[in-house]
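**Student:** Attaching a single structure in structure tokens format; questions to follow.
The values are calculated or read from the model by the stated rules, or taken from the named source; none is laboratory data. Note that the structure is a prediction, hence the values are computed from the model and not measured. Positions of Cβ are generated from backbone atoms using ideal geometry, with glycine treated the same way; all protein chains shown enter the neighbour counts. When the accessible area is computed, the model is the full protein with side chains, heavy atoms only, and any ligands, DNA or RNA have been set aside. Shrake-Rupley method; radii C 1.70, N 1.55, O 1.52, S 1.80 Å.
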Amino acid sequence: MISHQPWYHGNITRSTAEDLLSKAGKDGSFLLRDSESIQGAYALCVLFQNCVYTYRILPNEEKKLSVQASEGVPIRFFSALPDLVEAYYKENMGLVTRLQYPVQKEEEPEEEPEPVILPPQLPPRNFTPSECKDFQSDISRGTERGTEHTRPSISDTYTQRLQQMDVSNLSVDNQKSIQEYFRTSLCLDAEQVQNGNPTLPHFKKLILSICKNLNSEIARTIPSLEALQRVLDQPLSPGSGRLRSQVSGDSTNQSVAFRLEQMTELIYSVEEKTKNAVFEFVGYDGGHRKSLIPPVTFEVKSESIGISNKMFLKVDMEGGKVFFKKSKDGPEDKYFVHNKILQLVKLQKMQNRLVLVVETEKEKTLRKDFVFNDTKKREGFCQLLQQMKNKHSGKPEPDMITIFVGTWNMGNASPPHNITSWFQSKGQGKTHDDTANQIPHDIYVIGTQEDPLGEKEWIDNVRGALRNITNISFKHIATQTLWSIRIVVLAKPEHENRISHVFSGSVKTGIANALGNKGAVGVSFMFNGTSFGFVNSHLTSGSEKKLRRNQNYISILRFLNLGDKKLNPFDITHSFTHLFWLGDLNYRVDLPSQEAENIVMKIKQQQYQDLLARDQLNMEREEEKVFLDYEEEEITFAPTYRFERDTREKYAYTKAKATGTKYNLPSWCDRVLRKSYPMVHAVCNSYGCTNDIMTSDHSPVFATFDVGVSSQFISKSDLSKDAQGAIKFMNCVAVLLTKSKTKFFIEYHSSCLEKFVKSPEGDNQENTEGSIKVRFGGQVELTPIIADPEYLLDQHILICIKSTDCDESYGEGCVALRSAENAYTEFSIKLTHHGEHTGLLTGSIQLHTSEGKQTEKLYDFIKVGDDPGASKSKTGDNTKKPSSLATDISNPSYMGVGYKSNNQADKGTTNIMSPRTVSSSVHSVKDMTLGNLSSKNTGYDNSTSSPTGKASTPITEDGRPPKMIENPLYGSMSGSRGVKDHLHPPDSFPKTELDVDWQPPVPTPRIRSFTCSETKPQSPSTTNRTNSSSGLQPQNITKKPVVPSRSEGGMIGPNRPPVPVKSRTGQPQEPQLKPRDYRDSSELPSKIRPPARPDQPKDVHQETPQPLKTGRPLK
């Protein structure tokens, strides 16, 4: 067994092997590991002169092993690995140096075994019929036959149990049948089992005898149900006759359970067919295009000539109209049809304020400004209008869908009868408004852990709950179960034909990675042209087992087999347009057990930020150890574990064990994270937990998302040579964090290519301690299968850098083709492999498409914009430019991807971002690239990534992010993680490291073995970001705005700068002793202005403050 050899390390990663060899530090140190690229092959890793050389060991058809060594060296074959290793201890065998010092495995600390709930076991079978009377059930003790007479036989055991029961309510015949079975027939069944027949014929005979009357009743009932089914079948179902003959045949040869199941299926079938017939008759198909959502009325305030008036907005989903009414029961004579409502602009500074841009006659636009009662009402209104636009758009295929993702550790207890609050996103945190609860989601993904129910029972429960909420019978897409870990995917019936390529899989991470009590299940599929992946995991428990949880995550990444098999070099991190990871991740609040009472007190006071700062998952993500570049919506709900069952008022944080009291501090164990390709639309609309589902010690967690999807494009005309597209990659340079001594090449993968494309071999230019720089000269041109921009701009190129010696990946990344729309674009992307940061790739890309016009996307209907009070336009005076209210920017929140364009005049320049200057430290690739621009959403103003460039994350004229206030609905965001600076394209770009005359700083030596250290220091940028966010305080908006006087307003002229307003709407302001300097301070004291860019002097202020439109306009 090679597993016992000291030099064999199994399926460790390439980077782990490099770490072990670096620690050994001697030339000739070696180890063997499993190959990452070829199943059944091995990799021999040898250290020489502080570099690691890797040789593949491949089996041939006869299972003989050989080493791919230097050219000219005869190939030798070995029947076993130990023989091969022994031979290469000799000199001149083709390796860089002979093998000398085997590197031993690192001993892992023994784990405290967790309580394991094993799956159901089969009954014992190790007895002989002759010993039936003396049979005993204790197999594990292995007692001798001579001692078995001291214990009762299996027949006597059950006979005694029967005698102790009250059977007076049973019929005399049934009593006799049961007694006779346990007295004699049970041993006969045991004999049958011993001889290989496990059907228990005597037990079946007993059941038929007991259910004699029920069986005859079923025989009379089923024909009636079949007749009803045939009436409802149009045309007659060919399976009906077969089913009748199968069920109504010889009843004595079929079990009662089978006949009951058939009857149940018939009842379900009849019910479904009746529903379909009624739905078709009344014109209702259960989908969102005919969803019966009643009209909803919102109370709002509207300003007219500086006077605030109460109004009512009524949304008629079915009629496709929005009515403007002065009273709730007033006339509905003023309305706008759905196609006349051009855009909704959600304002940043007042998060309950909304601007409607509507079209009037002669293509003029009218802007309506409304203030809702609270932010949730505004969000409900926006969601209803978005669904209304989608319903009446007439598009054959959707470009945006909504997804519900839920996770719940059921605690091995049956769920309550009513779980609808979970699917309606009701409870704590960021929740839906009641007006939006009736809108069904397109896809529901439900993950459970410690689930005691069977698959069918749980699916029926979920479908029944959704049917009660939406009146839609959702289609079952996929289910995957690993012991008590389960994931279920349901979709609207109308999407059934849009979903294809469904895959599922599981990975065990329990003790020795052999038990399935911990692990993950996953499902993936294509929705038209967009790939989705969903992973539900239950990781190792225990506050002190953080490192083991990290290892669980890496194992799931490596071995969960989902998605397109052609993307073999990529793990699930890069395989899907949208990847959602949910489950009981079991990361805890990392505080001493003595702090338990203080933690509970902070939870009661809703001081979550102090606890989230000590959340293990947040800290591990900050140090890039797990979930690299995933996004999680801000947590504004209480910890979901560990409650006393049947209440949500008390945390049970102590647990008595034989070894003493164990503490389970209240923690956010149950989480939902997301990762999407760059420049695709993905917005989280809710993230919270329920309050009323209390059967488990965990609360169910919900999250809902709007995500962009692409259609399966079909060309409307023949593709001529003139219309052929091209994707060009140029001047690619990679900095890889490795000690390997090898050559590299790039593979380009995409669904828009017929097959993947390999680049020429790169030139290794620098090889410093712990890193290597590779320049890939020349140009690589890719030919897409379709050149139409409507299709091509939604595509992405997956990049994999491989070694020539063992064909293993050293880093993967992704580039969005939309970034290169009509422009030569430079990009900078972070490279990762198996969840670890492995380097940086820079280069340039150019895209050529055919002529074509892009259609407007549904997700561009809602924007996030600035206060429109600065606009001087009057009603009817605007030309039709609704998008001018929101600033265009795209947020490529994927793997640190950054772009910049050399053609600022092009239409696509709003998508292009300039990369930061490459840092001298290779450790800080997160800070080197522009990439981590993923914004933490505050409140409901989702800073979305608009893939079309009609974006949703606004930036002011000077390139700084807009000033925002706290959302009072969720409380303070003090100390919240992940607040990133937003950058904007500069007027001119500094020289990049690709310029010949400019030399980048040499990377600092890096020892990879320290990358997973628990004491890894934070980078300066991370520390500054944390410190700057710690001063955020909630705003108390109480005072009325100060209206500017006529004299101040009169200063505004064509050649004079406007006077700053004295007070922002709704924001209290202290009297000032001297004029404010708007260049050096932010308008809100709670927000820290980001530092000035290097190419912008600090004393230059480019922003021109505009007065708020709070008074009567001057004539």
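**Student:** Of all residues in segment 1-10, which are surrounded by 13 or more Cβ atoms within 10 Å (Cβ to Cβ) and assigned to a loop (DSSP other than H, G, I, E, B)?
**Tutor:** Hits for segment 1-10 are Gln5, Trp7, His9.
**Student:** So in segment 422-450, with the set limited to residues that are without any contact (Cβ under 8 Å) to a residue 60 or more places away in the chain and open to solvent by 10 Å² or more (accessible area, probe 1.4 Å), which one is nearest to the chain's Cα centre (by Cα)?
**Tutor:** This residue is Gln424.
**Student:** Output the number of residues of segment 503-528 satisfying the condition of being open to solvent by 20 Å² or more (accessible area, probe 1.4 Å), on the phi > 0 side of the Ramachandran plot and in contact (Cβ under 8 Å) with a residue 40 or more places away in the chain.
**Tutor:** Number of matching residues: 1.
**Student:** Exactly one of (1) modelled with pLDDT of 95 or more; (2) within 24 Å of His574 (Cα to Cα) is unmet by Ser667. Its number?
**Tutor:** Only one criterion in (1) modelled with pLDDT of 95 or more; (2) within 24 Å of His574 (Cα to Cα) is unmet by Ser667, namely (2).
**Student:** So which residues in segment 11-49 are within 30 Å of the chain's Cα centre (by Cα) and either in a loop (DSSP other than H, G, I, E, B) or over 22 Å from Cys800 (Cβ atoms) (or both), if there are any at all?
**Tutor:** Asn11, Ile12, Thr13, Ser35, Glu36, Ser37, Ile38, Gln39
**Student:** Residue check, Thr407 against (1) open to solvent by 10 Å² or more (accessible area, probe 1.4 Å); (2) outside any helix (DSSP H, G or I), all met but one. Which one?
**Tutor:** Of (1) open to solvent by 10 Å² or more (accessible area, probe 1.4 Å); (2) outside any helix (DSSP H, G or I), only one is false for Thr407: (1).
**Student:** State whether the residues of segment 713-731 include one that is touching a Gly at 6+ places or on another chain (Cβ under 6 Å), assigned to a loop (DSSP other than H, G, I, E, B), within 30 Å of Gln387 (Cβ to Cβ) and not polar (S, T, N, Q).
**Tutor:** no
**Student:** Here's a follow-up. Considering every residue within segment 572-588, establish whether at least one is farther than 24 Å from Cys684 by Cα and either over 16 Å from the mean Cα position of the chain (by Cα) or not in a loop (DSSP other than H, G, I, E, B) (or both).
**Tutor:** The answer is no; no qualifying residue exists.
**Student:** Also: Condition first: in contact (Cβ under 8 Å) with a residue 60 or more places away in the chain and open to solvent by 10 Å² or more (accessible area, probe 1.4 Å). Now tell me which residues in segment 760-772 satisfy that.
**Tutor:** Answer for segment 760-772, where residues must be in contact (Cβ under 8 Å) with a residue 60 or more places away in the chain and open to solvent by 10 Å² or more (accessible area, probe 1.4 Å): Glu766, Asn767, Thr768, Glu769.
**Student:** To continue, here is another question. Looking only at segment 639-694, how many residues end up being small (Gly, Ala, Ser) and more than 19 Å from Lys602 (Cα to Cα)? Reasoning before the result, please.
**Tutor:** Here is the first cut: in segment 639-694, the ones small (Gly, Ala, Ser) are 652, 656, 658, 660, 667, 676, 682, 686, 688.
With the extra rule that they be more than 19 Å from Lys602 (Cα to Cα), the set shrinks to 656, 658, 660, 676, 682, 686.
Going through segment 639-694 one residue at a time, the tally reaches 6.
**Student:** A further question follows. For Val355, only one of the following conditions fails: (1) open to solvent by less than 20 Å² (accessible area, probe 1.4 Å); (2) closer than 21 Å to Ser304 by Cα; (3) out of contact with any Asp or Glu (no Cβ under 7 Å at 6 or more places or on another chain). What is its number?
**Tutor:** (3)
**Student:** Could you grab me the full set of residues in segment 688-708 that are open to solvent by 10 Å² or more (accessible area, probe 1.4 Å), assigned to a loop (DSSP other than H, G, I, E, B) and either of a type in the set (Gly, Ala, Ser) or within 23 Å of Glu379 (Cα to Cα) (or both)?
**Tutor:** Correct list: Asn691 only.
**Student:** Checking Lys362 against (1) assigned to a loop (DSSP other than H, G, I, E, B); (2) more than 34 Å from the chain's Cα centre (by Cα): exactly one of these is not met. Which one?
**Tutor:** Among (1) assigned to a loop (DSSP other than H, G, I, E, B); (2) more than 34 Å from the chain's Cα centre (by Cα), Lys362 violates only (1).
**Student:** For Asn309, are the conditions met, namely being touching a helix residue (DSSP H, G or I) at 6+ places or on another chain (Cβ under 6 Å) and without any contact (Cβ under 8 Å) to a residue 40 or more places away in the chain?
**Tutor:** Judged against the criteria, Asn309 is not a match.
**Student:** Just one of the numbered conditions (1) buried (at least 21 other Cβ atoms within 10 Å of the Cβ); (2) in contact with a Leu (Cβ under 9 Å, 6 or more places away or on another chain) is not true of Val488; which one?
**Tutor:** So Val488 meets the others, but not (2).
**Student:** Counting only residues that are charged (D, E, K, R) and under 22 Å from Asp374 (Cα atoms), how many does segment 333-349 have?
**Tutor:** 2
**Student:** Now for a different question. Just to verify a result, which residue in segment 628-644, among those that are in a loop (DSSP other than H, G, I, E, B) and either among the charged types (D, E, K, R) or without any contact (Cβ under 8 Å) to a residue 40 or more places away in the chain (or both), is surrounded by the fewest Cβ atoms within 10 Å (Cβ to Cβ)?
**Tutor:** Glu644
**Student:** In this structure, does Glu595 turn out to be surrounded by fewer than 17 Cβ atoms within 10 Å (Cβ to Cβ) and either touching a residue at least 60 places away in the same chain (Cβ under 8 Å) or in contact with a strand residue (DSSP E or B) (Cβ under 7 Å, 6 or more places away or on another chain) (or both)?
**Tutor:** Values: surrounded by fewer than 17 Cβ atoms within 10 Å (Cβ to Cβ): yes; either touching a residue at least 60 places away in the same chain (Cβ under 8 Å) or in contact with a strand residue (DSSP E or B) (Cβ under 7 Å, 6 or more places away or on another chain) (or both): yes.
Yes: the conditions hold for Glu595.
**Student:** Just one of the numbered conditions (1) surrounded by fewer than 19 Cβ atoms within 10 Å (Cβ to Cβ); (2) at positive phi is not true of Gly464; which one?
**Tutor:** In the conditions (1) surrounded by fewer than 19 Cβ atoms within 10 Å (Cβ to Cβ); (2) at positive phi, Gly464 misses (2) alone.
**Student:** Okay, moving on. Condition first: at pLDDT 90 or above and not small (Gly, Ala, Ser). Now tell me which residues in segment 63-75 satisfy that. Please lay out each step first, then the result.
**Tutor:** Restricting attention to segment 63-75, the residues satisfying the condition of being at pLDDT 90 or above are 64-67.
Result: Lys64, Leu65, Val67.
**Student:** Tell me, which residue of segment 529-542 that is among the polar types (S, T, N, Q) and open to solvent by less than 10 Å² (accessible area, probe 1.4 Å) is farthest from the chain's Cα centre (by Cα)? Outline the logic, then answer.
**Tutor:** First pass over segment 529-542, keeping only residues among the polar types (S, T, N, Q): 530-531, 536-537, 540-541.
Next cut, open to solvent by less than 10 Å² (accessible area, probe 1.4 Å) only: 530, 536-537, 540.
Numbers: Thr530: 14, Asn536: 10, Ser537: 12, Thr540: 20 Å.
In this case the residue turns out to be Thr540.
**Student:** If you take the residues in segment 645-687 that are aliphatic (A, V, I, L, M) and open to solvent by less than 70 Å² (accessible area, probe 1.4 Å), which one is farthest from Phe702 (Cα to Cα)?
**Tutor:** Met679
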